[in-house]
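Here the structure comes first, spelled out in structure tokens, and everything after it is commentary.
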Amino acid sequence: MRQSQGSEVIKMDSILNFRQLGGYRDNSGKSIKEGTIFRSGSLDCATKDDLRRLSLLGIRTICDLRADIESKAKPDRLPKDSPVRYINVSVSPKNIEYMIFHKRVGALLTGKFRGTDFHQVMIDQYADFVLLFNVQFSNLLSVICQKENLPVLIHCTGGKDRTGFACALILAILGFPKETIQQDYLLSNEYRGGFEKRLNSILLFMRLFGMTREKLMPLIEVNKEFLDNSFQTIKREYGSFKDYLDRGLALDDGSVNCLRSILMG
């Protein structure tokens, strides 16, 4: 394990982008309690050693943000020697066809991909996190607010977009500044190597249809502009972050204080 700008990166064989949301200090000097929130990519390729590490970390709850079609196609591998509660908090973006192989093939054959601006696709997806998935993210926060569910692992496919927004949301609720939120979010670019490696064979296939690596990069990397659009959408639709928590996520002051007391120390 090593400390990287406040976020502890934990070496896994086949689980991508695995790290804990810990080590950051707020302006009052408080920090997120160690070993409470972890984040990663999917667990479908987890090795036996990976599962052993999950058990040693004491993870009690796994919140899978993948769409139902993703989690059914590639179900998580879970530790068998420790009780783990699995919860599918299905966040199914409009661009799901870019994530599922048979849908990608269909879009390639029809030529749909060639005219797609993937940068704009991701900009829109991050707005949709706010516009379309309030119930899902509210449910996620409700799980975290129950102390008996901790430690919690939050993941999606690459652990960068849906998970990235979820963790940015948690950090914002805990009162961390924008710079810290962006720092944690952008760390996914440092640890996307395994995700990129898995995509290489797919990228080679897609090149046969005129799709370049550069065109597809918005699907592989995280971008400050993507996350900024989520928070701009919050401001545009709700006026303030507090109103978004109250009216969008149905998270009252009591729930916010509960999260802060459970996670901060």
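Kindly indicate whether residue 202 is under 22 Å from residue 70 (Cβ atoms) and at pLDDT below 95. Yes: the conditions hold for residue 202. Of the strands (runs of 3 or more DSSP E) that lie entirely inside the stretch 1-72, those containing 1 or more residues that are of a type in the set (Lys, Arg) and farther than 23 Å from residue 147 by Cα span 2-4. The single condition from (1) touching a residue at least 40 places away in the same chain (Cβ under 8 Å); (2) closer than 27 Å to residue 116 by Cα; (3) hydrophobic (A, V, I, L, M, F, W, C) that residue 256 fails is (2).
Every listed requirement among (1) under 18 Å from residue 137 (Cα atoms); (2) at pLDDT 95 or above; (3) surrounded by fewer than 20 Cβ atoms within 10 Å (Cβ to Cβ) is met by residue 75 save one, (1). Among the residues of the stretch 233-265, those identified as of a type outside the set (Ser, Thr, Tyr) and not in a helix (DSSP H, G or I) are 239, 249, 250, 251, 252, 264, 265. Every test in (1) under 18 Å from the mean Cα position of the chain (by Cα); (2) modelled with pLDDT under 95; (3) over 23 Å from residue 169 (Cα atoms); (4) not in a helix (DSSP H, G or I) is passed by residue 92 save one, and that test is (3). Consider the stretch 58-70. How many of its residues are closer than 19 Å to residue 161 by Cα and either touching a Lys or Arg at 6+ places or on another chain (Cβ under 9 Å) or modelled with pLDDT of 95 or more (or both)? The total comes to 6.
Pairs meeting the criteria (first residue in the stretch 49-64 and free of Cβ contacts under 8 Å to residues at least 60 places away in the same chain, second residue acidic (Asp, Glu) and surrounded by fewer than 16 Cβ atoms within 10 Å (Cβ to Cβ), beta carbons under 9 Å, at least 6 apart or on different chains) are 49/13; 50/13; 51/81; 52/81; 53/13; 55/81.
The values are calculated or read from the model by the stated rules, or taken from the named source; none is laboratory data. In this text, all values refer to a predicted model and were calculated from it rather than measured experimentally. Positions of Cβ are generated from backbone atoms using ideal geometry, with glycine treated the same way; all protein chains shown enter the neighbour counts.
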